[in-house]
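First comes the structure, then the notes that go with it.
The values are calculated or read from the model by the stated rules, or taken from the named source; none is laboratory data. Here the structure is a predicted model, which is why all the values come from computation and not from measurement. Backbone-built Cβ (ideal geometry, glycine too); neighbour counts: all protein chains shown.
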Amino acid sequence: MLFHPDRLSFGIVLPAQERTRADVQFDTQLSVARDADDLGLQALWVRDVPLNSDAYPDPIGHADPWVFLGALAASTSRIALATGAIVLPLRHPLHIAKAALSMAALSKGRFMLGLGSGDRPTEYEVFGRDIENRKSIFQAGWDRIAAAIGSEQQVTGEDGRVRKEFTITPHQAQAGIPMVAVGSSSQSLEWIARHASAWMTYYRPLAVQKDRLGLWQNAQAKVTTEFRGFGQSMVLELIEKPDAPYEEVNLGGKTGRRGLIDALSAMREAGIHHVAFNLTSKSRPAREVMEEISRDVMPALI
């Protein structure tokens, strides 16, 4: 289980390559994925970036997430595969459901569906969608996806009515695909706690993140008694010097492994269940950084 109430798990955000204006280096990324799988990390996260522009801070030309995930499923055997996140309002919910069911079957149950609402008005414009209605579009799309990938795999129409003349496949060997809300998804925390199995958000300094955790825990208490996970992405520049102190950088930290262990321990104590590392080091290859995390960091947090 990727989100567990009593432990911290770790993932890698792909593509893990230098942030320059370049296409995804597929051979490199599949190698990173195999290494992460071999080293015992728990998840690979793939983003949905349909179009690049100067307004988008990440210059990498991202691949289609479903094509990329198919290659990842065929290249790994144990690690969870997750979307962080499919931009739901820009895709038809039944297409998302079909892709999610296919990924769950191809990966033998290792897939987790992360959904977000997107936040770029110009992207909504070019896709012909109204950003002002993204809250209701997201909710309606979520419900249709949940019905299609749930235990009964029901196809529903725009009006919410079950269309019994249709089926959607592949059929699942086990009930349900975990659905995760990524970012605010234009929803209240109570809505997320009621509908999603977990909430993934971006990195904030821990003192600030604790406030978000408090709001999240209060929202859960109002709507459910079931466990709901909390995770965050985190830019990580892991320095070779083990004692290098932890420094805040944009959306993450720059540190040696001892500082990273201390920071992650504090996150776990605060109630964070999963951290997805966005590796940014220009001087150290991803394999070397992941080896240090696997060998020295993860055992210290058991």
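Laid out as a table, the results:
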quantity: Selection within segment 195-215 - of a type outside the set (A, V, I, L, M), closer than 22 Å to residue 119 by Cβ and free of Cβ contacts under 8 Å to residues at least 40 places away in the same chain; calculated: 199, 201, 204, 211, 212
quantity: Subset of segment 18-38 (residues that are surrounded by fewer than 18 Cβ atoms within 10 Å (Cβ to Cβ) and either in a loop (DSSP other than H, G, I, E, B) or not charged (D, E, K, R) (or both)); calculated: 18, 19, 20, 21, 22, 24, 25, 26, 28, 30, 31
quantity: Among the residues listed as 81, 72, 113, the single one being outside any loop (DSSP other than H, G, I, E, B), over 20 Å from residue 198 (Cα atoms) and not β-branched (Val, Ile, Thr); calculated: 72
quantity: Qualifying residue in segment 273-296 (condition: over 19 Å from residue 15 (Cβ atoms), among the hydrophobic types (A, V, I, L, M, F, W, C) and touching a helix residue (DSSP H, G or I) at 6+ places or on another chain (Cβ under 9 Å)); calculated: no
quantity: Close pairs (7 angstrom Cβ cut-off, 6 or more residues apart or separate chains): closer than 15 Å to residue 13 by Cα and β-branched (Val, Ile, Thr) in segment 53-81, loosely packed, with under 14 Cβ neighbours inside 10 Å and at pLDDT below 95 anywhere; calculated: 60/22
quantity: Selected residue (criterion: farthest from the chain's Cα centre (by Cα)) from residues of segment 190-208 that are buried (at least 20 other Cβ atoms within 10 Å of the Cβ) and not hydroxyl-bearing (Ser, Thr, Tyr); calculated: 193
quantity: Close pairs from segment 109-128: first under 22 Å from residue 171 (Cβ atoms), partner at pLDDT 95 or above and polar (S, T, N, Q), Cβ under 7 Å, at least 6 apart; calculated: 113/83
